Amino acid sequence: MAFLSLHLNPSLSSSPLRIRCAPRRSLVIKLPSQVFSSATASGNDVMLNGTPPPPSHYADGNSAVLPPGLLRELMPRHVAIIMDGNRRWARMRGLPVGLGYEAGVRALRRTVELCCKWDVRVLTVFAFSSDNWFRPKVETDFLMGLLERGLRNELQRFVREDVRISLIGDSSKLLKPLQVLLADAMEITKNNSRLHLIIAVNYSGQSDMVQACQKLALKVKDGLIEPEDINEFSVERELETNCTDFPYPDLLIRTSGELRISNFLLWQLAYTELYFADSLWPDFGEDEFLEALCSFQKRQRRYGGRNS
Amino acid sequence: MEILRATQLFEGLGSFLRRCLFSVLSVGPFPRHIAFIMDGNRRFAKNQNLEQGSGHKAGYSALMNMLKYCYELEVKYITIYAFSIENFKRRPEEVESTMKLMLEKIEALVEEKSIVNRYGVRVYFIGNLSLLSEPVKLAAKRAMDATSGNSKAVLLICIAYTSTDEIMHAVEETCKEKKDGLRVDRTDENESNIGVMDIEKHMYMAVAPDPDIIIRTSGETRLSNFLLWQSASTLLYSPGVLWPEIGFRHLVKAIMEYQRNFAYLEKKQKLC
């Protein structure tokens, strides 16, 4: 059941850009994800020279130990993820769609643990788009149930691991018990500071900007500001991502090979490096995340200016 | 004379072959609106050891070719990211030489034999035009007026543009518009009468539908503050080729990628 993944340096020339990472020198033997009870049990990775990774592979207090190939000073502060491909993953295996979503939750858990381990400060995940309500009710009910169960199961762990939870999106359409649970989770974890996990539920980038506009319009109506006073900073302050000091993702990862933003964070993605991974979300693990981070670190971010 | 005839013959043959390919491609779904982020001009100049500014000139030729191919393929709307507000932060000499090139090319647009007249293209300049110098601003206005009667296709040139500036401007206009009409029901902000359409109609880009494909050359995969609002469902295609080297085959590949993804997108949209 084990499989080898030998990372090669793909051609840069004509194919749509995906990976531009230098080849990883290690030969990684990857076991199926069920073997991992937590992402910190990655001691199953075996380096090329046959020796196991050093014990400091595990996060230890405040010092994040990064895998070879990643530079600390180039780590993204804020990573955003569109977790696409759960249904396709299930269909490909002849499984019901629900199992695809459950596998997706396991992938999310792995990713949260990796972010804690590698000192990513903010992780925003697109759990449910406001466009998704038109899916079959059975499916949306299942998803909401999964979110509720997942949150209940993980809350103590988030408290222990110093993870802060925030929600962005219109929560008024969610069932009352879930709304209460989310509010409690946000309250209980509000002072945590190791990782800020922002879950986008019933969210859309355009709706976010519309609600920011509504807030500004009310301020104008109340005479607090004039329309001419509105600048980019005023809009940014009213967006739902104002719950974090780092509202602009450095890196956006979308799985399953789809090359679009699908109405996720739009304003906030102005200068974000976009990384489109071919793997389906349930298959997104440490190797795939490492590849994305490696690609990110190779990029030259100019913000409209010029490299010196 | 013979060389001229041979060149014309080759051009004609090329055009014929492209039209044949178009009839094959148009069996499938076809993009209505393609946007280009023309990245890689300076890198091209550096690679070729050319002097400063030559990269942009080479980029301009590549642009004229791409416009020709797109209009032959009957893509109705083309948007190009010519100059970002952030680009004003570059070295003054570079900004000045880019503005000079733009003024020259904007004036060339309204000449009779220009590509816009040949293909009946209406030109819009999209952005915060008040940031431009007077000559460029006037030339842009003249070009928009001169082409306002064209209707076969549309060229949107984003100059002194960033998407966040465009959105902020639309928000400001919406607030001005709603200043007197807004209901004061603050207990439920969903009752507020501002919606997506209210903001969208104030966007500079409201003159065109959302882009179907955004092509960014030179392998960089980011939007760089371009069409953020409009790109919610757009296919993002980023070939490694530098902009001055882009050719017909890259356009075909982008369209084929669009067609390949279209079935999946349509299925998803049906669920919406």
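Residue by residue through B:163-170, how many Cβ atoms from other chains fall within 10 Å of the Cβ on average?
5
Order of A:120-129, B:253-262 by packing, highest average Cβ count within 10 Å first?
A:120-129, B:253-262
Subtracting the Cα-Cα distance from 0.36 nm times the residue separation, let me have the gained length for A:Asp245 to A:Lys173 in nm, one decimal.
23.2 nm
How high is the FRET efficiency between A:Met186 and B:Tyr264 when r is their beta carbon distance and R₀ equals 41 Å, given to the nearest 0.05?
The computed FRET efficiency comes out at 0.75.
What ratio of Cα Rg to 2.2 N^0.38 Å holds for region A:97-167?
Ratio of Rg to 2.2 N^0.38 Å for region A:97-167: 1.19.
Which of the lysines could a cross-linker bridge to A:Lys137, judged by Cα under 29 Å and excluding same-chain residues fewer than eight apart?
A:Lys173, A:Lys176, B:Lys267, B:Lys268, B:Lys270
Too long at a 18 Å Cα-Cα cut-off: which of B:Lys46/B:Lys89; B:Lys113/B:Lys152; B:Lys176/B:Lys201; A:Lys215/B:Lys179; B:Lys57/B:Lys100?
Check vs 18 Å cut-off fails for B:Lys46/B:Lys89.
When the helices in chain B are scored as -39500 (n - 2.57) per DSSP H run of 4 or longer and the sum is shared across all residues, what 222 nm value do you end up with, to the nearest 500 deg cm²/dmol?
That calculation yields -15500 deg cm²/dmol at 222 nm.
Say each of A:Glu139 and A:Glu228 gets a label point 7 Å from the Cα, pointing the same way as Cα to Cβ; how far apart are those two points in nm?
Placing both labels 7 Å along Cα→Cβ, they lie 5.1 nm apart.
Please state, rounded to one decimal and in Å, the Kirkwood hydrodynamic radius that chain B gives when every pair of distinct Cα atoms enters the mean of 1/r.
20.4 Å
Report the full-extension gain for the segment B:Cys20 to B:Lys179: residue separation times 0.36 nm, less the Cα-Cα distance, to one decimal in nm.
51.8 nm
Can you list the lysines whose alpha carbon is less than 27 Å from that of A:Lys117, not counting same-chain residues fewer than 8 positions off?
Cα-Cα hits under 27 Å: A:Lys30, A:Lys190, A:Lys298.
What's the average, rounded to a whole number, of partner chain beta-carbon atoms within 10 Å of each residue's beta-carbon in A:215-225?
Per residue, the average neighbour count from other chains is 5.
FYI, it's all coordinate maths here, none of it is from the lab. From a predicted model like this one, the values you see are computed outputs, not experimental measurements. Backbone-built Cβ (ideal geometry, glycine too); neighbour counts: all protein chains shown.
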